[in-house]
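Take a look at the structure below.
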Amino acid sequence: MVLLRLPGGRAMTATPAASGSSPTSSVGMSAAEQAWKLLLQTGIHAIECVFEARPRLLVHAPHRIFERLQGLADVSILRSR
């Protein structure tokens, strides 16, 4: 029996395929199915990255501006001393 760790902390147990059985992986999925699943997961991950980047930009851009203004104010205070 094999214990596989999946993303999110989930665990999956699988038994190895018998020696005379069809060409399936240890979790019961053919190589072609695994390739398609990997391809789909890669595409979904790319789409998720785009959707996650937008809110991140909306938060980080104003924060960077604020930090820059604060840094300029600190420099001007130190120069005036």
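The values are calculated or read from the model by the stated rules, or taken from the named source; none is laboratory data. Predicted model, so just to flag it, every value in this text is computed and none were measured. Note that each Cβ is placed from the backbone with ideal geometry, even for glycine, and that neighbours are counted across all protein chains shown.
Numbers at a glance
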| read-out | value |
| --- | --- |
| Subset of segment 24-50 [part of a loop (DSSP other than H, G, I, E, B) and not aliphatic (A, V, I, L, M)] | 25, 26, 28 |
| Residue check for residue 53: surrounded by 10 or more Cβ atoms within 10 Å (Cβ to Cβ), modelled with pLDDT under 85, in a helix (DSSP H, G or I) and at negative phi | yes |
| Residue match in segment 7-23 (condition: under 23 Å from the mean Cα position of the chain (by Cα), outside any loop (DSSP other than H, G, I, E, B) and modelled with pLDDT of 65 or more) | no |
